[in-house]
1. When only DSSP loop residues count, what trypsin sites (Lys or Arg not before Pro) in the range 116-201 have their Cβ near at most 13 other Cβ atoms within 10 Å?
2. Compute the distance from the alpha-carbon center of the range 98-143 to that of the range 207-283, in whole Å.
3. Say the dipole of the chain comes from +1 at the beta carbon of Lys and Arg and -1 at that of Asp and Glu; which of Pro220, Leu191, Pro46 then lies farthest toward its positive end?
4. Return one quarter of the surface area of the convex hull spanned by the alpha-carbon atoms of the chain, equal to its mean projected area, in nm².
5. If R0 is 51 Å, what FRET efficiency do you get for Thr279 and Asn135 from their C-beta distance, rounded to 0.05?
6. Neighbouring Cβ atoms within 10 Å as the yardstick, rank Asp310, Asp298 fewest first.
7. Enumerate the residues in the range 182-220 having an amide nitrogen under 19 Å from the point lying 7 Å beyond the Cα of His290 toward its Cβ.
8. Report the full-extension gain for the segment Ile110 to Gln32: residue separation times 0.36 nm, less the Cα-Cα distance, to one decimal in nm.
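Rule-based calculations on the coordinates, nothing more; no lab input. Treat the numbers as computed from the prediction; the structure is a model and nothing was measured. Because the Cβ atoms are built from the backbone with ideal geometry, glycine has one as well, and the counts that use them run over all protein chains shown.
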Amino acid sequence: MNNQFDEVWELLYPRVTSTLLKGYCNGLFNPQKDKFFAATFVTEFPPADDLEFLTSQFDGCYSIISKASGALEQEGWQALPPGTGLQPTECNAYSISFHGAFYEGEWCFIPSLIFFETVDEELAKDSVFPVDVFNNTIYLPYQEFSPSYTNVQMFEFSRAPYLVAIVKQTKKEKINLAFRHYLEIAVLQPLAEKLRIHYPYKYDNMVGMYGTEHFSSIFPVNKRFVLLVTGAKGLSENDYTVRYLLYMPEEGSIYEWEYFPTGITRFYDAESVIDQLMTVTYWNNSRYLHSSCTLDDDRFWEQCVILQEDGEYKYLRELTFTGNSLSLKL
């Protein structure tokens, strides 16, 4: 195999841990230079600690190519999933392959890890480098690869190549999960306490959705606003009511959002919330409320939430606590 560094290696080198490029063989661009494929082949196995680090880079997901037995013997080889048969420490070679695609001004790629029972470069080449490396469904638009996509988290990326959609959605999910975790500790817990103390007739008891303690949060990708949704019950109330608050991270202010007609809207589950939101946003499925999706709709935020008339917010009423505004800056 070719050991010379090439254009694909130059693309990958600053973007991945150098350990993953050990034993780099060669890489290929498609004629349009918007897709690439590359692979490594390593026969000098790392120490146990380094091997553990290697597998951790793939979240423990890898394949093992082993000698077949029994009914599969005529095929010569078989792929074993992790945890069955051979272990990586019992293998003698491994390969990391990279599928990449250029989309909306950036390169996205997915690496995969294969261990081999024997040191056999021809086997590795046949197993890792298909005849037509770009004739792979991973490069098709996500909606083609999965035409019945029902995961609302993927709607945003449905026209992107499958591998791009997976990379972008995974990154977005991690970012939003971290944001929500920090928001819960830094803002929502102290806010719930303040509401119980100063507004017990409305917020004596609160419940979020999908396991959240007090509030479920909705925000655009820039996180300039955070719409908080809760089922709230006052001291003298028997039922929970859907209530919305708006948190502005830059100024640390809390507002009640009073866009929908006054009256009691009972809080039963996510459907009672989405029934309201779908009248002013494209969110028309309760699964949006339990996802990494951001509500990126400028018209909604500007016309239905922060709209001002005569210098005053039309639908927002700032909450104060003993005469002072509550500042909860992230």
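1. Those that pass, being in a loop and sparsely packed, are Arg159.
2. 44 Å
3. In the chain, that residue is Leu191.
4. Working: hull surface 91.8 nm².
With the hull built on Cα positions only, its mean projection is 22.9 nm².
5. On the way: r = 46 Å, r/R0 = 0.89.
Efficiency, rounded to the nearest 0.05: 0.65.
6. Details: Asp310 5, Asp298 8.
By the 10 Å Cβ count, ascending: Asp310, Asp298.
7. Zone members listed by number: 207-219.
8. On the way: separation 78, 0.36 × 78 = 28.08 nm, distance 1.93 nm.
Separation in residues times 0.36 nm, less the Cα-Cα distance, equals 26.1 nm.
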